[in-house]
1. Report, in debye and to the nearest 20, how large the dipole of the protein assembly as shown comes out about its Cα centre when Lys and Arg carry +1 and Asp and Glu carry -1 on their Cβ.
2. Report, by chain and number, residues whose modeled amide H sits under 5 Å from the one on A:Val110, excluding near sequence neighbours (fewer than 5 apart, same chain).
3. If you bin every alpha carbon distance in the range C:1-120 into 10 Å steps from zero, what whole percent lands in each bin?
4. Can you give the % of DSSP beta bridges in the protein assembly as shown that are antiparallel, to the nearest 5?
5. Could you give each residue of the range A:151-161 its phi-based ³J(HN,Hα) in whole Hz, using Karplus coefficients 6.51, -1.76, 1.60 with θ = phi - 60°, and x for Gly or Pro?
6. Per residue of C:272-285, how many C-beta atoms from partner chains lie within 10 Å of its own C-beta, taken as a mean?
7. Could you sort the peptides C:106-115, C:479-488 by per-residue average Cβ neighbour count (10 Å cutoff), highest mean leading?
8. Which net charge results when you count Lys and Arg as +1 and Asp and Glu as -1 among the other residues whose beta-carbon is under 14 Å from that of C:Ser543?
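The values are calculated or read from the model by the stated rules, or taken from the named source; none is laboratory data. Nothing here was measured: the structure is a model prediction, and the numbers come from that model. All Cβ positions, glycine included, derive from the backbone under ideal geometry; neighbour counts span all protein chains shown. Calculation scope for accessible area: heavy atoms of the full protein, side chains included, ligands and nucleic acids excluded. Shrake-Rupley method; radii C 1.70, N 1.55, O 1.52, S 1.80 Å.
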Amino acid sequence: MHLHKYERIWLMFGGASLVVFLAVIGITAFFMGDQPPSGAFCAPVFANADTVDPEKVTETPPFNEPGIKKVGENQYVVTMVAYSFGFQPSNIEIPAGAEVYFQVTSKDVVHGFEIPGTNVNMMITPGYVNTIRYTFDEPGNYLILCNEYCGVGHQFMSTTVEVK
Amino acid sequence: MAQTGLEQKKLVQDQQEKTEQQMALKGTLASVMILGALIVISWFAMFALFMSRQ
Amino acid sequence: MNTRKSVLDVRDANLSMAHMYAGYAAVFIGAIAGLLQGLVRGGLIELPAGIGYYQLLTAHGILLALVFTTYFIIGFFFSGMSKNMGSLYDGPRKAGWAGFYIMTAGVILTTIMVLLNEGTVLYTFYAPLQASPYFYIGLTLVVVGSWISGYAMFGQLYKWKKENRGKVSPLFSYLAVVTMLLWQIATLGVAATVLFQFIPWSFGWVEKIDVLLSRTLFWYFGHPLVYFWLLPAYVGWYVIIPKIIGGKIFSDSLARLAFILFLIFSMPVGFHHQLLEPGISPFWKYLQVVLTFMVIIPSLMTAFAMFATFETAGRMKGSTGLFGWFKKLPWSDVRFFAPMMGMLIFIPGGIGGIVNASHQINQMVHNTLFITGHFHLTVATTVVVSFFGFTYWLVPVLTGRKLTAKMNKLGIVQTLLWIVGMLIMSTAMHTVGLLGSPRRTAFTTYQDHPDAVMWMPYHVVMAIGGVILFIAAMLMIYNFIYLAFFAPRGVEEYPMGEVANEAEKTPMILENWKIWIGVSAALILIAYTVPLIGIIENSPPGSPPYRFW
């Protein structure tokens, strides 16, 4: 099969660009820790397992006691349960500059967990625990919302983080 | 036989080179390169936005 | 009927046209749903009691993304194969009708379930939200019908090859068959989850469902699905456009090679829709991201082939300079103009796709309106406007009528309206998506949270774009009806392109289906075996059904 010289140049340029993109995201993901949320992988202070019986969430530690726990110098773990149509605990408060680990599961359907304007965005699948880390440098009121359709009240499913 | 085969092959090659010259595709190369530049610029802009939010 | 002249076997034209009627009926209802959604989200109207926003959203997604596309693709392919080979054989034609009726039964069943509010689960129907079993059965029939139509096309090519030993298959037919083959392999995933998980679970035969497994099987299907939409547009670009602009097909073999690359690489990439999900390790996600990037290559090849076709045709007409050919293109011919607009829109559409698939960068856009903006460029513009562009000559061909000068003008207006409406809507979606506004969400200000209040003007702009799009869709329906029933009788050309360089023979290896199916299967196994075993072995107890609507 014959490729025109210019097409070879183009495909080499295009291919090289793609390799560069892959290298950039690969290196930042695997060597600098910017991995997409994939379960309990990110939390250094995590509870028991990656999975939980979705019908026994309220009885299973740590989700039997949703809330904020201080685990280090300005370092917190927020244990959260998502449900149609809300998050528990709701309207949490955190000091500015705090490094926060969110560990979240769902007790019913699939939900999303997103803080607009940040990279905090992950899927909450029933049966699984998902985790994400974020440092709240700027004080203010942050919105947490569900970005996966979860029923007729999906648009009401939100809460806030007050960073002081 | 082998020689004629070889000659034929050369003939085909010559023809191909000729058609390649006839097919002036400079505009095509320029167009795809503009496209390539757009891809690279946009991707790095989005990557920069991502890093600024990390 | 005797006065009807056609460049196609009338029996094949009728089969193809049946798909067009069904497809455009879906556009009509789907566009109404789209308009209402846009207005609700923009806060401009409230729905009367009894109709839900998410119900409309389900109808919009199913009717436009699944139903219109599938009907159009199958109808378009049957017409081209008939043109390529003189006529369809009796067997394939009968199978084509069987496929059509089964699909239509499925569409009607699913639509009824959605209208009855028994299937408000959106077109991705994520478990453990549970619709009526008949919703899933309807969708199953749609897929089964499309399978039978696919077999019809395989049978057609097989029989033609037998009668034309040693000959290379005609390009259109080859590309159509690769697309339908891709569809067969892709739909195995959704068939598995619907038949073995959703249907038994929705009938109550089993109590629980493995949510992650169902999502993984769905997305194994969900990404090649978008290539099933895109490739028929590419068929038109590669084979039809050269004829319309008075040029030749740039390279027969490279077109075939591009399609083979799509067949191989569009399958093992579903994790890039699950990048933010628990239960799949980052390593396997990244591996599929790499494979996703491989599937960009054939699109880069296509970009080159398109520009080369344009430039060569322009130079044949005497253009000079670097970009002189650009002016030689038949901009006032809707048969060219519409697909060309589709191609141009694929530039931002494709770039957005690369961003979305970029592993952790997905966190910035996942499930925001950025994604909605993205696929309204790719599917709802690049693909759909190309299909509209094909409709302007295909429907007259099928009904034995002419595309008149006036209809050509109206077609250009219709295309421009669509493009303008979409640019307005999609730009607002991309922007507000980066600001965090979620997709698939009814009107809300999140208790007047300042972040969300800031999104409201963008949502209004989206609604304005949506209104323009609705007008463009209704104009398309008018144009379709005119071309189908009222345009003057005559013989419209079926613009089937010819190959430029006859000297270069098409390598027969491209017709060796065993090799390509084998390579495709191998890549699927590499990308999915280990993570799938992990998903099944580590699976938590399943989920019972929920119905939160």
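1. Details: 46 positive and 41 negative charges, 613 e Å.
Here the size comes out at about 2940 debye.
2. Amide H to amide H, under 5 Å and 5 or more residues apart or across chains, A:Val110 pairs with C:Leu129.
3. 13, 36, 25, 16, 9, 1
4. On the way: 30 of 43 bridges.
Here the antiparallel bridges make up roughly 70 percent for the protein assembly as shown.
5. Once rounded to whole Hz, the list reads x, 5, x, 3, 5, 9, 7, 7, 7, 9, 10.
6. That average works out to 6.
7. C:106-115, C:479-488
8. Residues near C:Ser543 contribute 0 overall.
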